Amino acid sequence: MPYRQLDHTADLCFEVTAASFAELLAEALRAMMAWTGPEWTDVRVERPFRVEAPDRTALLVDLLNEALALSQIHREAYDAISIRAIGDEFVDGVFFGRAISGARDEIKAVTYHGATVEERADGSWVAILLMDI
């Protein structure tokens, strides 16, 4: 399983694992959006993005917050991502998803507090993410 919810006193906490940093971004997006329980419509959407940050942890947090903001502005939820270009301090791509009519739960923000991203010795990646709900 690429992600699992961890126990946390007040917030939502996920551990996400993947074979690469790009896959880690995609799995974290799926975990976050799945938790909200979107009420999908049949209208498919594509939403381009570019996020820049000083390091990979901030990049993941900022990417997820960008997805949250776009989701709320446009009443959409995203279940996939296509990455056109990626580096240590930027990611450029497209969110794919559908318009929604509502959601079961809401995430206010992904926080920097407690967030970690690291590459393991075997080349896989793991992230811990806290989300304000």
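The table below lists the values:
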{"read-out": "Amide H contacts of residue 80 (H built 1.01 Å from N, under 5 Å, at least 5 apart or other chain)", "value": "96"}
{"read-out": "Helix-only mean residue ellipticity at 222 nm for the chain, each DSSP H run of n ≥ 4 adding -39500 (n - 2.57), per residue, nearest 500", "value": "-9000 deg cm²/dmol"}
{"read-out": "Relative contact order [Cα under 8 Å, 6+ residues apart], segment 1-122, whole percent", "value": "28 percent"}
{"read-out": "Cα-centre dipole for the chain with unit charges at Cβ (Lys and Arg positive, Asp and Glu negative), debye to 20", "value": "400 debye"}
{"read-out": "Accessible area expressed per residue, the chain, with surrounding protein chains retained (probe 1.4 Å, Å²)", "value": "50 Å²"}
{"read-out": "Portion, in percent, of the accessible area of the chain that falls on carbon or sulfur, probe 1.4 Å", "value": "48 percent"}
{"read-out": "Segment 66-123 pair-distance distribution - Cα-Cα, 10 Å bins, rounded %", "value": "17, 39, 34, 9, 0"}
{"read-out": "Measure of compaction for the chain (Cα Rg per 2.2 N^0.38 Å)", "value": "0.98"}
{"read-out": "Positive-end residue, the chain charge dipole about Cα centroid, Cβ charges, pick of 21, 116, 78", "value": "78"}
{"read-out": "Whole-percent pair-distance distribution, where bins are 5 Å wide, for the alpha carbons of segment 34-100", "value": "4, 18, 28, 23, 15, 9, 3, 0"}
{"read-out": "Phi-based couplings in Hz for segment 77-86 (Karplus 6.51, -1.76, 1.60; Gly and Pro marked x)", "value": "9, 10, 10, 8, 9, 10, 9, 7, 8, 8"}
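The values are calculated or read from the model by the stated rules, or taken from the named source; none is laboratory data. The structure presented is a predicted model; accordingly, all values stated were derived computationally and were not measured. Positions of Cβ are generated from backbone atoms using ideal geometry, with glycine treated the same way; all protein chains shown enter the neighbour counts. Just the protein is used for accessible areas: all its heavy atoms, side chains included, with ligands, DNA and RNA removed. Shrake-Rupley method; radii C 1.70, N 1.55, O 1.52, S 1.80 Å.
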